[in-house]
Amino acid sequence: MRFVDKYQPFLYPLIARTIFREVSKRIETVLDVGSGPGYLSVEMAARPPIKVQAIDINPTMLALAAKRADQRGFRSQIVFDTADVHQLPYKSNTFDLVVSYSCLHHWHDIPTALSECVRVLRPGGTLYIIDSYPDPQAVSFFKRMIPEPELARFAVQALEESLEPETIRAFVKNLETQNFEVADFVFDEEDMLEIIEHIQDSPFEEAPPNTISWKLVATK
Ligand SMILES: C[S@@+](CC[C@H](N)C(=O)[O-])C[C@H]1O[C@@H](n2cnc3c(N)ncnc32)[C@H](O)[C@@H]1O
């Protein structure tokens, strides 16, 4: 079984659950920045009345995302736009939640991209960004865990390009937010047990050495 096929059914429902558990406000509109093939967009659209706007700079990714949304029966709840996070084509104060998973390490001007994300959030809305720690132990973990060379190369490159949380904190200080935290992104144990029971096949062959991801959570 391919690495993504094994981990995707467990990882993205857990990410969505974790976000909604922590952002305990009513959410109707979500912007998924750098949606890629739409794993997280679809998990979010599976929670009515949520409508998801999924953006990616790469239209091929959005075509895959649209196919996934069709297959899961949530196509009408997601709108796909080819767009760059540095220049979002949306009005200010639009979304209840702006999420982004494993994308920030691609952004060439992080302060501009972050202020765009905050601009399109409605007042009181939440920015929730997750990316990896540039941790050498995590790099060797992924090299061991991912059998497909190209996928392993992408995962390792993502970790190597990742930023330290201190750098993110420095960027966020200048944003127009009421409060923010940059911390480890960890799953709730109950959520993990429930998801694993649901997919009936634990994907854990080996636990990661450390927490692999950080989260930036900010309220506008
Ligand atoms: C590592 S993938 C993660 C995709 C998705 N979030 C997931 O978890 O499967 C990063 C995605 O960010 C997109 N991306 C990179 N730079 C971007 C930018 N400036 N604006 C929007 N999307 C971008 C890429 O095209 C790619 O699909």
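The values are calculated or read from the model by the stated rules, or taken from the named source; none is laboratory data. Source: prediction; values computed, not measured. No Cβ is skipped: glycine too gets one built from the backbone with ideal geometry, and neighbour counts run over all protein chains shown.
Any idea which residue in segment 154-187 is nearest to Leu121 (Cα to Cα), counting only those that are hydrophobic (A, V, I, L, M, F, W, C) and part of a loop (DSSP other than H, G, I, E, B)? Show your work before the answer.
Here is the first cut: in segment 154-187, the ones hydrophobic (A, V, I, L, M, F, W, C) are 154-156, 158-159, 163, 168, 170-172, 175, 180, 182-183, 185-187.
Filter again for part of a loop (DSSP other than H, G, I, E, B), leaving 163, 175, 185-187.
Details: Leu163: 23, Leu175: 12, Phe185: 21, Val186: 24, Phe187: 25 Å.
The extreme case among them is Leu175.
Within segment 75-90, how many residues turn out to be at pLDDT below 95 and either within 15 Å of the ligand (Cβ to nearest atom) or not in a helix (DSSP H, G or I) (or both)?
Residues in segment 75-90 being at pLDDT below 95 and either within 15 Å of the ligand (Cβ to nearest atom) or not in a helix (DSSP H, G or I) (or both): 0 in total.
Which of the residues spanning segment 101-111 are more than 7 Å from the ligand (Cβ to nearest atom) and not acidic (Asp, Glu)? Outline the logic, then answer.
Step one: of segment 101-111, the residues more than 7 Å from the ligand (Cβ to nearest atom) are 104-105, 108-111.
If the condition is that a residue be more than 7 Å from the ligand (Cβ to nearest atom) and not acidic (Asp, Glu), then Leu104, His105, His108, Ile110, Pro111 are the ones that fit.
Filtering segment 1-31 down to residues that are in a loop (DSSP other than H, G, I, E, B) and in contact with an Asp or Glu (Cβ under 8 Å, 6 or more places away or on another chain), which residue is surrounded by the fewest Cβ atoms within 10 Å (Cβ to Cβ)?
Our first condition is that a residue be in a loop (DSSP other than H, G, I, E, B); within segment 1-31, this holds for 1-2, 23-28.
Next, only the ones that are in contact with an Asp or Glu (Cβ under 8 Å, 6 or more places away or on another chain) stay: 2, 25-28.
On the way: Arg2: 11, Lys25: 11, Arg26: 8, Ile27: 19, Glu28: 11.
Step by step, filter segment 1-31, then rank; the result is Arg26.
Restricting to segment 32-65, count the residues that are surrounded by 18 or more Cβ atoms within 10 Å (Cβ to Cβ) and either farther than 20 Å from Ser92 by Cβ or within 11 Å of the ligand (Cβ to nearest atom) (or both).
Residues in segment 32-65 being surrounded by 18 or more Cβ atoms within 10 Å (Cβ to Cβ) and either farther than 20 Å from Ser92 by Cβ or within 11 Å of the ligand (Cβ to nearest atom) (or both): 21 in total.
Tell me whether segment 112-126 contains one or more residues that are surrounded by 19 or more Cβ atoms within 10 Å (Cβ to Cβ), away from the ligand (no atom under 15 Å from the Cβ), under 16 Å from Val30 (Cβ atoms) and among the small types (Gly, Ala, Ser).
yes
Hey, can you tell me all the residues within segment 80-111 that are of a type in the set (Val, Ile, Thr) and surrounded by 22 or more Cβ atoms within 10 Å (Cβ to Cβ)? Can you show your working first?
So in segment 80-111, the residues of a type in the set (Val, Ile, Thr) come out as 82, 85, 94, 98-99, 110.
Scanning segment 80-111 gives Val85, Val98, Val99.
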